[in-house]
Every structure is written in structure tokens, then in C-alpha cells.
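The values are calculated or read from the model by the stated rules, or taken from the named source; none is laboratory data. Keep in mind the model is a prediction, meaning the values are calculated, not measured. Backbone-built Cβ (ideal geometry, glycine too); neighbour counts: all protein chains shown. Quick note on the areas: whole protein, heavy atoms, side chains included, nothing else; ligands and nucleic acids left out. Shrake-Rupley method; radii C 1.70, N 1.55, O 1.52, S 1.80 Å.
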Amino acid sequence: MERVIIHVDMDYFYAAIEEREDPSLKGKAVVVCMYSNRNESGGAVSTSNYVAREAGIHSAMPCKLAKSKNPDAVFLPVRKPFYEEVSAKVMEILKSNSDMDEAFEKISIDEAFLDITESCKGDYELAEEIGLRIKKEVKARERITCSVGIGPNKLIAKMASSFRKPDGITVIKPEDTQGFLKPMPVKKLWGIGKVTEDKLSELGIRTIEELAAYDAMELISVFGKNKGTWLKQAASGVDETPVKERTATDQIGRMASLKHDSRNENMIFSLLDELMDDVISKVKTRKVSFRSVTVTVIFSNFKTSTKSRTLNHVVSCRDILSENAKELMNQFLEESEMNFRRIGVRVDNLQENTGQKSLFDF
Ligand code: DCP
Ligand code: MG
Ligand code: MG
């Protein structure tokens, strides 16, 4: 049976959550900023709502520039842990609409693929109903909107979800795939970045239709075997990659910048303490233990260095993490004279807790 895949992407996600939390923002331009913690005027736009986008404010733009485009916009700092909580709830809704856990793949904080081949039996009208149901559920339970794309593979579903935004749904049946892709500029093809776009442009290729018609061997000679083959296939609407649940990462870590570059031990160890608190709280919520500890330092010249230690036992306690991370950090301080810019701490070799408490778990 031909597959039916849904891609769901939340609309202006961070800003939508802020609007939901504060109804007085409704109708105003809202810009969520990732301030660099050195300087409030630095930093880049994480996202903006659609009112702000009308003024030309977009993700990754310097906040300062955004401010000059619309001085009346409301600027808010990112609250990532909170958005992650909302994301987890949304993902549960999406997951419950996929055929099974293995047919669900979260690809970022606000988007996921669902394989619904079984539940719609290959019928695109049923698929659209599932898409509409997902939109309704997300709106009812989380009070934010999303856009949905449906197609015969991940590539088409992903491109379909961004076709009508916000609050849209786009269904591309297998027989409509070519017509959907053809007129688009190559940069709209999911996976094509600026560099590839420029190279294609040098070859005189501007639309996806032109790319699909281009000689495969010539593409391979320019881009290499893997990428050349992929370009030709993708432009033809072919994508066989499966929707696959990603296994939870095998590490839990946190990084942060110091207020300013420094070797001040108080500053470094108190930040390290905060980071370890976060790591341990994730370790507890995920009900895992770890067997190694890694500390990372990024120096003021941006050079990055890591030190790790493997423990004799798997543990999940704060004290053992702290003891090891501090020793590793002390080694960094002894070995180098340069100021520290960012530091990080991570635990690896995770194992699920068996429920039986060991001597090292408290
Ligand atoms: N994000 C970010 N920095 C970027 C891009 C995105 O911090 N350069 C964050 C903020 C977004 C979230 O990721 O809200 C999801 O990214 P999307 O690309 O899906 O963008 P939005 O959901 O904000 O808007 P859209 O309605 O276009 O999906
Ligand atoms: Mg989005
Ligand atoms: Mg997204």
C-alpha cells in the first residue's frame, strides 16, 4: 500500500504560546527574543507572530533590527523550558493520532511526522479528516494553531504543511505531487540551503521542475554521489525515508555562558551548580542513571575542550555528579590560563532505572 504521511508544524510557536498566556497581546506585534546574556541589546529573534512578520520581522534577525522595523512591537525573552512543556503536550496529542508509537517522529520542538497509512487505509479523504481532527484537538487542548501537510512521503508532507500557514491544511495526493513541486523555486525543496541554491543557480537551475529534469550524472559530478542522487529524487517528489521514532538521546546535558569571560572560580562553580541542578532534574524525570560525566569548556578564543570520567557504577545522584564535575572543572582551571566563555556539563551512558534503589541513588 502507498504510504500516507502527515506533517504538523505549530504556527509561530513561541510567540503563540506567549499570546495564549497573555490575552492582552492579541492583535499586537509580538517578538520573542533570544538575548545574549552579555547584553540586552544583543541577541536574535527566535520567532515573531504574523502581525510582526507583516513589518518584516523574522526568525534569526538581530533584535535591534527588529525593533527598528516596529518600535511598538512587544519584545519578550524566550522561556524555553516552558515551551518545551507545551511541546510535550502537543506531541502527546499528535502521537495519539498516529498508527502507533513507531509511526511518530518528532523532528523539532514544534513539528512531527505521523505515518497514518493504516488508519486511513490509503484514503486521502480519511487522511484529511485525521488532519482536521488533529488541528481541532491541538486548538481545544492547547489553544494554539498548527498547519498540517499530508502527502505520500515525508518530503511532500513537510512541504505541504508550510504551503498554507498559519492554521492551514494542504493535502497532496500522489498524482498531484509533480504539479505541486514543479513551479516552486529550488530553495523551497526541503533540505536545500543557500549554498546548494547558489550552486544550482550557477547551473541555470531555478525551479524544482528544472532540477527534476536535469541530468542525474551531471548533478552527481557537481554535488557528489549522495547529494546528487538525492537532489534528483527529491525534485521528482521521491522520498522513501521511513517515519521513525527517534530513540531518546543517550545523554543529558546543559551549557550556558558566563556573564562575561572569566576565570573567577565563584562565578564558574556557581554556574556549574545551576547546570547540574537542571541535569539532575532531567535525570530524575526520565528515571535514568548514568555512568559517565563530561565537562565542556569553551574558552574566550572559542576553542572547545572536554573532559570525561567514567564511573564504576551507574548512579543518579547529585553528589557524585557534583564531585566528578568539579574535579574535572578544577583540572581545566589548572591547565589553562585563558578566560572561560561557556561551560557545560553532561551525563552519558544512560540506563533506565530498574526501580530498585542502589546505594548511589538518592
Ligand atoms: N526558532 C528559533 N530560532 C530560529 C527558528 C526557530 O528559536 N531561527 C524557534 C522559535 C519558533 C520555533 O523554533 O517558534 C519553531 O520554529 P518554526 O520554524 O516552526 O517557526 P514558527 O513556529 O515560529 O513559525 P511558523 O508559523 O512559520 O511555523
Ligand atoms: Mg512552526
Ligand atoms: Mg517548525
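Within the set LYS199, LYS187, the sole residue that is within 16 Å of ligand 1 (Cβ to nearest atom) and part of a helix (DSSP H, G or I) turns out to be LYS187. Looking across the stretch 65-87, the residues that are away from ligand 2 (no atom under 16 Å from the Cβ), in a helix (DSSP H, G or I) and either at pLDDT below 95 or closer than 16 Å to SER48 by Cα (or both) come down to LEU65, ALA66, LYS67, SER68, LYS69, PRO81, GLU85. Is there any pair linking a residue in the stretch 1-26 that is of a type in the set (Lys, Arg) to one that is open to solvent by less than 40 Å² (accessible area, probe 1.4 Å), with Cβ under 7 Å and at least six apart or on different chains, and which? Close Cβ pairs satisfying both conditions: ARG3/ASP115; ARG3/THR117; ARG3/PRO152; ARG3/ASN153; ARG20/ILE144; LYS26/GLU19.
In the stretch 153-181, the residues that are assigned to a helix (DSSP H, G or I) form Cβ pairs under 8 Å with partners that are among the basic types (Lys, Arg) and open to solvent by 50 Å² or more (accessible area, probe 1.4 Å), at six or more places apart or across chains, as follows: MET159/LYS188.
Filtered by the rule that a residue be open to solvent by 20 Å² or more (accessible area, probe 1.4 Å) and at pLDDT below 85, the stretch 96-113 gives SER96, ASP99, MET100, ASP101, GLU102.
For the stretch 35-61, a residue qualifies if it is of a type in the set (A, V, I, L, M, F, W, C) and surrounded by 18 or more Cβ atoms within 10 Å (Cβ to Cβ), and the qualifying residues are VAL45, VAL51, ALA52, ILE57.
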